[in-house]
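A.B. asks: Dropping the structure in here first, questions after.
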Amino acid sequence: MTLLFFSGVAVLLTVEGRWLVAAIARENLTRSEEWALGFPMGTFANALLFFICTVGGIPLNALAVFGGHLGIVIIAFAVSSRVATPSTPFDTPSLRLGLLPPSLKLRRTGRVTRRGISRDFNFKKYLLPILLTLAILIKLFYGISHALLPSYSYDTVSQWNMRAKISYEDRAIAFDRDEVRGMSKPQYPILFHSLQIVFNLPQKEWQDPVANGATLLLSLTSFLAFFLLLRRLAGSFAALVTLACILTIPLLSIHLAQGYGDIHVLTYVLLGAVLLLHSFERNQGNQGNQQELLLLSAIFVAASAWVKQEGMVFGVVPWMVIVGIGTGKFEGLKVGRFRGLEVLKFGGLVFLLSLPWTLFLLIKELPLSPHGGGDLMMGWHPEGVPLALKALFAGGSFGMHWYIVIGLLLSVLFERVRRGRQVEKSMFLIFLWGIITFFGALFIFLCTSNIEFLMNAQTFSRTMLLPLSLLILGTVPLFYYNGSHDAEGGSRS
Amino acid sequence: MLTFSSFSLNESAIEFTGMKAFYSLCAGVLLIPAVAFAQESILASDTARTYPVVSGPLVEKTLMVEEQASALEITYSSDAPIEMRVSFFVETPKGITYNPLSTLRFKDVPVGSNQKITLDLTGSPAWSPRGKSYLFHVIGSPGTVIMIHSISHTPPSIGKTIAAAFKQIGVDEPVLLSSVNTLEGYRVLGISLSLMLGLAFIVVLIVLGIKFFTFHSSFFTLLTVSLIFLLLYDSRFSLDLLKTSARDLSEWTERGEYRQLGPIFAIADLLKGDAPSDQSMKVSVCMKLDDIYLKQLRYRLYPAPVRRSSELWTDATHLVFIGVPRTPALDGTIVCTEGQIPRKVSLLKAFVDGTAVYRFDGNP
């Protein structure tokens, strides 16, 4: 029965989310992309439903929650049924042309010998994808197997799962200001908790594997959607490389198994970023309909702020900056023909969707940050620099990833200098997002009292997962794109 | 002969009669030649993932050893089983310290007089041939008399250093409670593997870059090389993930235990099964270990209140000892700390040493 109810809720949220995505994206996504985005979207809708119930004082029982979902499903279905969704990818965005496997391009242009092609073809076409897939599968195996084991970490049994369990028993979101009942951080947004609660509502009692299974499902569907969206944009191989680069970040594997909120902030921001890329690409290609994807990107970025407040700092605010730059008056970086009013509209929407929790905390007189006023105590802490460098380059959390991202970026820049090419603007904007979050995080840890969490190694590495993932998304496909031009022998501005 | 910060002569005695009892004796003991047995070591990071067994109070004495060594040969006498440990200094921005996870533990060192053992230091990822100083710990029960007659050393050689590098690369990433925040990473001869591979990657990148600019080699090769380096590190980490998964799944399916949480799940199930029907269950916890055990019990037993014994004693229905070896008095009463009203208890189940669950019999 446990599995049956689990599957039932999963199907409900997926279907609901899929229809919501279809209603918003209209004909801009394929069916598989819509289905993959369904669960993350349904999870966000669930969080908003829980918020409305909390504000309205409605008890979070099965009747109210599933009744609410039924209402959303009906509305979403009614709207989405008017929209025809293509089952196959449509006219591909402009990036795709440059992203065929280079080995095929080399063969086509006849610039290498047959022997060279064969070796190149075997390694890059078969061996590398197999090795990357194997690396991904091992991470998934670790994640899935450990999600079924009991909750393990400190914050899981004091902040995340504990608060969800207390709220489940109370049938209301818990805002305990002391730790008498065992929970802390009442200011944390409720996407994570509401997801675990909705999956446990049909169960007789709180089930720990159900709670962890629900959050694992969110991670898996988000990464699947990320892969599918990137595949249509950049090709299968580039999407595989990018996904493998992200999933092989050693610390991310641990979070995939049983993590805190950080991995869901990361996945929502990545979905927002890849949808933003689609929006920019379609806009550049003058294909229209870019507004729907921008809207969808805004919604997923706003969802990140409902997981942790970091979503606001590293998701919502940089998103507005990036969209502002990409659509603003900087001709060198301008990627579209968005009008100022449209940008304002979407910017407003992101804030509208992400701000209610913050306002709610203010009304409830709860501190916005779990660290009290410490976040605002500015001061340069040079003693943190060696620790930060050690964590990034000589620890185990990131393995080789920072070296590779920096190495690839320098290579792309040299390439640009050598051949006078322009870097793909939309990818560069994602890279810029990564840079903003990277230096933003460094500022928080080196220039505020959060230095404490760098010194005791508690949150610095976890926080750096997001900038690194964005930099990978902004670098690897970009590199691939540039590299493909070697074979083509042409340049594209 | 090694130099000691606290020991100026070549013979010393340590009597564990309490934390303050620490004597440096100069006894004219005749050293009898003996065969040195290599003592098997365990890395502290391996034991950190198991539930701590606390049998009784232990006393630890620490000495600083200053010499470049790959092994220490120790001649000692002890009248009870002891444990020896060696920690390795590392320089950090916060000063010189040591990583407790890299400490080598030599358990159950044989009892006897003029025993001679060899402690191989190369098994710790913190060991390097450049290391010049170590912390030598001796741990035993109060009252144990230990004499360290002499400590000599084996200097590092090229062969031993190469063998140590291979041994250390096989040391697993300790997947512990702290791993959700940060991972230790692999170290070979005291140097981070990420750093070594990273520097090698930079060198390859420079070479490829020069080729790239001069001979116009394929730009895509750079990405391939990057992925090879990434997979190289990932293969080592993936191996650990697989080993950790196999170990965790087998522990859970066979014993219902999970890493260092040990019997905490069995304790929670036992308490759930023993919840009184006429009143709500309230659990008092008496513990000296990390507070993860309290948090775990709170989470698993919610909505039943679970508190430290200092916060919940007289109203509690159950008592759990975690890492506190304690037995009821002759009249069947027990306390956690001095000053508490003794309460009568019935033992529900004793788990490993220092861990037991009791039911309170009536009110105090």
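The values are calculated or read from the model by the stated rules, or taken from the named source; none is laboratory data. Predicted model, so just to flag it, every value in this text is computed and none were measured. Every residue, glycine as well, gets a Cβ built from its backbone with ideal geometry; the counts of neighbours run over all protein chains shown.
A.B. asks: Please find, among B:Ser250, B:Ser245, the residue that is farther than 27 Å from B:Gly323 by Cβ and under 29 Å from the mean Cα position of the chain (by Cα).
C.D. replies: Numbers: B:Ser250 fails: farther than 27 Å from B:Gly323 by Cβ.
Sole residue among the options that is farther than 27 Å from B:Gly323 by Cβ and under 29 Å from the mean Cα position of the chain (by Cα): B:Ser245.
A.B. asks: Between residues in the stretch B:225-240 that are more than 7 Å from every other protein chain (Cβ to nearest Cβ) and farther than 10 Å from A:Ile138 by Cα and residues that are of a type outside the set (Lys, Arg) and assigned to a helix (DSSP H, G or I), which pairs lie under 7 Å by C-beta distance while being six or more apart or on different chains?
C.D. replies: B:Val225/B:Val204; B:Val225/B:Leu208; B:Leu232/B:Leu197
A.B. asks: Given the conditions (1) modelled with pLDDT of 95 or more; (2) crowded, with 18+ Cβ neighbours inside 10 Å, which single one is not true for A:Arg96?
C.D. replies: (1)
A.B. asks: Mind counting the residues in the stretch B:247-276 that are within 9 Å of chain A (Cβ to nearest Cβ) and not hydroxyl-bearing (Ser, Thr, Tyr)?
C.D. replies: Taking the stretch B:247-276 and keeping what is within 9 Å of chain A (Cβ to nearest Cβ), we get B:248-249, B:252, B:258-259, B:261, B:264-265.
After this cut, where a residue has to be not hydroxyl-bearing (Ser, Thr, Tyr) as well, the list is B:248-249, B:252, B:259, B:261, B:264-265.
Residues that pass the stated criteria total 7.
A.B. asks: Further question on the same structure: Among (1) modelled with pLDDT of 90 or more; (2) of a type outside the set (Asp, Glu); (3) within 30 Å of B:Trp252 (Cα to Cα), there is one condition B:Thr50 misses while meeting the rest; what is its number?
C.D. replies: (1)
A.B. asks: Tell me, which helices (runs of 4 or more DSSP H) wholly within the stretch A:380-466 include 1 or more residues that are more than 8 Å from chain B (Cβ to nearest Cβ) and in contact with a Pro (Cβ under 7 Å, 6 or more places away or on another chain)? If you could, list the steps in order and put the result at the bottom.
C.D. replies: On the way: elements: A:384-393, A:401-419, A:425-447, A:451-455.
Once the helices (runs of 4 or more DSSP H) in the stretch A:380-466 are filtered for at least 1 residues that are more than 8 Å from chain B (Cβ to nearest Cβ) and in contact with a Pro (Cβ under 7 Å, 6 or more places away or on another chain), what remains is A:425-447.
A.B. asks: Oh, and also: How do the pairs read when you match residues in the stretch A:242-262 that are at the interface with chain B (Cβ under 10 Å from one of its Cβ atoms) and crowded, with 24+ Cβ neighbours inside 10 Å with residues anywhere that are of a type in the set (A, V, I, L, M, F, W, C) and outside any helix (DSSP H, G or I), using Cβ under 7 Å and keeping only pairs 6 or more apart or on different chains?
C.D. replies: Every condition considered, the pairs that remain are A:Ile249/A:Phe398; A:Pro250/A:Phe398; A:Pro250/B:Leu183; A:Leu251/A:Phe398; A:Leu251/B:Leu183.
A.B. asks: Same structure again: Residues being assigned to a loop (DSSP other than H, G, I, E, B) and without any contact (Cβ under 8 Å) to a residue 40 or more places away in the chain: count how many of those fall in the stretch B:330-344.
C.D. replies: 9
A.B. asks: Search the stretch A:215-241 for residues being closer than 24 Å to B:Leu239 by Cα and within 11 Å of another protein chain (Cβ to nearest Cβ), and hand back the single one that is surrounded by the fewest Cβ atoms within 10 Å (Cβ to Cβ).
C.D. replies: A:Leu240
A.B. asks: Follow-up. Looking only at residues in the stretch B:84-101 that are closer than 30 Å to B:Ser141 by Cβ and out of contact with any Phe, Trp or Tyr (no Cβ under 9 Å at 6 or more places or on another chain), which one is farthest from the other protein chains (Cβ to nearest Cβ)? Before you say what the answer is, go through the steps one by one.
C.D. replies: Step one: filter the stretch B:84-101 for residues closer than 30 Å to B:Ser141 by Cβ, giving B:84-89, B:97-101.
Imposing the further condition that a residue be out of contact with any Phe, Trp or Tyr (no Cβ under 9 Å at 6 or more places or on another chain) reduces the set to B:100-101.
Values: B:Pro100: 14, B:Leu101: 11 Å.
So, considering only residues that are closer than 30 Å to B:Ser141 by Cβ and out of contact with any Phe, Trp or Tyr (no Cβ under 9 Å at 6 or more places or on another chain), the one farthest from the other protein chains (Cβ to nearest Cβ) is B:Pro100.
A.B. asks: Here are the criteria: (1) within 10 Å of another protein chain (Cβ to nearest Cβ); (2) touching a residue at least 60 places away in the same chain (Cβ under 8 Å); (3) buried (at least 21 other Cβ atoms within 10 Å of the Cβ); (4) among the aliphatic types (A, V, I, L, M). Tell me which single one B:Leu205 does not satisfy.
C.D. replies: (2)
A.B. asks: I'm told B:Pro129 meets every condition in (1) under 26 Å from A:Pro250 (Cβ atoms); (2) crowded, with 17+ Cβ neighbours inside 10 Å; (3) in contact with a helix residue (DSSP H, G or I) (Cβ under 7 Å, 6 or more places away or on another chain) except one. Can you identify the failing condition by its number?
C.D. replies: For B:Pro129, the failing item is (1).
A.B. asks: With the checklist (1) under 25 Å from B:Tyr233 (Cβ atoms); (2) in contact with an Asp or Glu (Cβ under 9 Å, 6 or more places away or on another chain) in hand, flag the one item A:Leu392 doesn't pass.
C.D. replies: (2)
A.B. asks: Additional query: Can you name every residue in the stretch A:184-214 that is hydroxyl-bearing (Ser, Thr, Tyr), part of a loop (DSSP other than H, G, I, E, B) and more than 14 Å from every other protein chain (Cβ to nearest Cβ)? Walk me through how you get there before you give the answer.
C.D. replies: First, pick out the residues of the stretch A:184-214 that are hydroxyl-bearing (Ser, Thr, Tyr): A:184, A:188, A:194.
Pick out the ones that are also part of a loop (DSSP other than H, G, I, E, B) and you get A:184, A:188.
Within the stretch A:184-214, just A:Tyr188 meets the criteria.
A.B. asks: For A:Tyr142, are the conditions met, namely being facing chain B (nearest Cβ under 10 Å), within 23 Å of A:Gln309 (Cα to Cα) and of a type outside the set (D, E, K, R)?
C.D. replies: Numbers: facing chain B (nearest Cβ under 10 Å): yes; within 23 Å of A:Gln309 (Cα to Cα): no; of a type outside the set (D, E, K, R): yes.
Spelling it out, it is not the case that A:Tyr142 is facing chain B (nearest Cβ under 10 Å), within 23 Å of A:Gln309 (Cα to Cα) and of a type outside the set (D, E, K, R).
A.B. asks: Which one of these is under 23 Å from B:Arg49 (Cα atoms) and either assigned to a strand (DSSP E or B) or touching a Gly at 6+ places or on another chain (Cβ under 8 Å) (or both): B:His137, B:His149? Reasoning before the result, please.
C.D. replies: Working: B:His149 fails: under 23 Å from B:Arg49 (Cα atoms).
That would be B:His137, the only listed residue that is under 23 Å from B:Arg49 (Cα atoms) and either assigned to a strand (DSSP E or B) or touching a Gly at 6+ places or on another chain (Cβ under 8 Å) (or both).
A.B. asks: Further question on the same structure: Please determine whether any residue of the stretch B:249-270 is surrounded by 19 or more Cβ atoms within 10 Å (Cβ to Cβ) and assigned to a strand (DSSP E or B).
C.D. replies: No, that holds for no residue.
A.B. asks: Only residues that are assigned to a strand (DSSP E or B) and either within 18 Å of B:Lys132 (Cβ to Cβ) or in contact with a helix residue (DSSP H, G or I) (Cβ under 8 Å, 6 or more places away or on another chain) (or both): list them for the stretch B:46-72, please.
C.D. replies: Answer for the stretch B:46-72, where residues must be assigned to a strand (DSSP E or B) and either within 18 Å of B:Lys132 (Cβ to Cβ) or in contact with a helix residue (DSSP H, G or I) (Cβ under 8 Å, 6 or more places away or on another chain) (or both): B:Thr62, B:Leu63, B:Met64, B:Val65, B:Glu66, B:Ala71, B:Leu72.
A.B. asks: Does any residue of the stretch B:277-284 turn out to be more than 8 Å from chain A (Cβ to nearest Cβ) and either crowded, with 21+ Cβ neighbours inside 10 Å or within 23 Å of A:Leu247 (Cβ to Cβ) (or both)?
C.D. replies: yes
A.B. asks: Among the numbered conditions (1) assigned to a helix (DSSP H, G or I); (2) surrounded by 14 or more Cβ atoms within 10 Å (Cβ to Cβ), tell me where A:Glu27 comes up short.
C.D. replies: Going through the list (1) assigned to a helix (DSSP H, G or I); (2) surrounded by 14 or more Cβ atoms within 10 Å (Cβ to Cβ), A:Glu27 breaks only (2).
A.B. asks: For the stretch A:147-178, give me the residue count where each residue is within 7 Å of chain B (Cβ to nearest Cβ) and not in a loop (DSSP other than H, G, I, E, B).
C.D. replies: 7
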